[in-house]
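Presented below is the structure to which this report refers.
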Amino acid sequence: MSTRDTPPAVLHVVDTLDVGGLERVVTDLAIAQQAAGQSVAVFAINECGGFRSELEAAGVPVVVGAKCGTLDRRVLRLLRATMRERRVAVVHTHNFVPNYYAALATLALRDAPVLVNTVHNMGTRLAHRRLRWLYLASLRRTRRVAMVGRQVHERFVGLGLVDEARAVTVMNAVPAERFGVDAARRAEARARLGIAADAPLLGCVGRLVELKNHRLLIEQMPELLRAQPQLRLVVLGDGPLRGELQALVDALGLADRVTLAGAHGDVHALLPGFDVFVLPSRTEGLSIALLEACASGLAVVASAVGGNPEIVRDGETGLLFASDDGAGLGAAVRRLLADPAERQRLGAAARDWVLRNASTAALRDAYAGVYRAALDARR
């Protein structure tokens, strides 16, 4: 095998491995790369738990910097030593602080690895002047910048933050093989959720925060129950609005119809219990929760915000409604609850789209091309 055909050794650099969408994607990607025979490790700048044990169980080494202060020289030295000892060819950073740490760490290295950065969101943190300056300075040493979704790409290139020649667009991804709906999975999920086998069930997954807009969905339940008296809603997730949302449920007399089930580490095992997945957010990137629902073959109803329309094509892989449009949300849900064949059609199309465009295997292959382009640009 030629040197060009040999997958380059990769070091992923993240702020932390605590549970979150970015960290989930990096974990799945690193495990997929390792399983394909690539030398891969993960460097977490801050102390963390979360996905660390999952990575290590899969054979992916994790190095923890445990950063103290704004710019920790000890972490820089450890990062530089990790690059050298593992003979890293590509340093793949995720968002902003990891990129400027990696750029600084490569300064003193002979035959320094190439730097590839992924921007996972719209960059609101770059309003902080010092972070913005450090990140933009680090881009001078960055060969390729991958933006998660067209919306992020258009923002960063349009504002002149990233050169078009170095910019690529990638999707978020989920390990599609982990997800799916069949009779056995559905029965097990329903039993765990405490939902009768024949009860129509809406599901929602997301932190209980204002931008996720769970209130909009809960407020539609009284009207939805008029058409479907046995309807239930389960919300998976936790957060600061839990008390407020529970008070709303109680005030609407929905305590026996709406369950705030808290956070679960195995959402993939509970999704098969849902009939319709609803995402009412006011803003989203490329939502991992939405991708997981699609990978499970669920019919989805989502707000037409952020990256949601990149995943859900209205009438083809799900239904969209305008942000904050409660009537539109309710109409879409009623349409799907009344038409099992439509739910089946949309769910199957959504799963097929994920397998082709947003599986972890597809993302691994996409990044292989990004790494090769970054390495070629150095020559």
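The values are calculated or read from the model by the stated rules, or taken from the named source; none is laboratory data. Keep in mind that this is a model prediction, so the values were computed, not measured. Neighbour counts run over all protein chains shown; Cβ positions are idealised from the backbone, glycine included. All accessible areas refer to the heavy atoms of the entire protein, side chains included, with ligands and DNA or RNA removed. Shrake-Rupley method; radii C 1.70, N 1.55, O 1.52, S 1.80 Å.
In the chain, a dipole from Cβ-located charges (positive for Lys and Arg, negative for Asp and Glu) runs towards its positive end, and of Val354, Leu375, Leu208 it is Leu375 whose Cα lies farthest in that direction. Can you give the helix-only mean residue ellipticity at 222 nm for the chain, where every DSSP H stretch with n ≥ 4 adds -39500 (n - 2.57) and the sum goes over all residues, rounded to the nearest 500 deg cm²/dmol? Helices in the chain give a 222 nm mean residue ellipticity of -13000 deg cm²/dmol. Prolate is the label for region 106-249, because a/c, from the alpha-carbon gyration tensor with a ≥ b ≥ c as root eigenvalues, is 1.5 or above and a/b exceeds b/c. In this structure Thr27 has an accessible area near 0 Å², from a 1.4 Å probe over the protein heavy atoms. Percent of alpha carbon pairs in region 268-313 separated by more than 13 Å? Percent of Cα pairs beyond 13 Å in region 268-313: 47.
Ordering Tyr135, Ala184, His94 by Cα displacement along the dipole of the chain toward the positive end leaves Tyr135 in first place; charges were set at the Cβ atoms of Lys, Arg (+1) and Asp, Glu (-1). According to the square roots a ≥ b ≥ c of the eigenvalues of the Cα gyration tensor, what is the shape class of region 247-286, taking rounded for a/c under 1.5, prolate for a/b larger than b/c otherwise, and oblate for the remainder? In terms of gyration-tensor shape, oblate.
Taking the Cα centre of the chain as origin, work out the dipole magnitude from +1 charges on Lys and Arg Cβ and -1 charges on Asp and Glu Cβ, in debye rounded to 20.
Dipole magnitude for the chain comes out near 1680 debye.
Only Lys, Arg, Asp and Glu carry charge here, each on its Cβ (+1 for the first two, -1 for the last two); on that basis region 88-218 has a dipole of about 460 debye about its Cα centre. For region 198-217 versus region 89-136, the spacing of their alpha-carbon centroids is 35 Å. Expressed as a fraction of 2.2 N^0.38 Å, the value expected for a compact globular protein of N residues, the C-alpha radius of gyration of the chain is 1.04. When the residues Ser53, Ser39, Ser296 are ordered by accessible surface, computed with a 1.4 Å probe over the protein chains alone, the sequence from largest down reads Ser53, Ser39, Ser296. Once backbone amide H atoms are built at 1.01 Å from N, Thr93 has Val13, Val116, Asn117, Thr118 as its partners under 5 Å, excluding neighbours fewer than 5 places away on the same chain.
The alpha carbons of region 1-63 give a radius of gyration and a Dmax of 12.0, 39 Å, in that order.
Dipole of the chain (Lys/Arg Cβ +1, Asp/Glu Cβ -1, origin at the Cα centre): which of Asn172, Val305, Ile218 lies farthest to the positive side? Farthest towards the positive end: Asn172. Rg and Dmax of region 201-286, both derived from C-alpha coordinates alone, stand at 12.2, 34 Å. Classify region 1-154 as rounded, prolate or oblate from the Cα gyration tensor: take a ≥ b ≥ c as the square roots of its eigenvalues, call it rounded if a/c is under 1.5, otherwise prolate when a/b beats b/c and oblate if not. Here region 1-154 falls in the rounded category. For Ser323, Ser281, the ranking by accessible surface with the largest value first comes to Ser323, Ser281, using a 1.4 Å probe. The modelled label-to-label distance between Gln230 and Ala377, using points 7 Å beyond Cα along the C-beta direction, is 5.7 nm.
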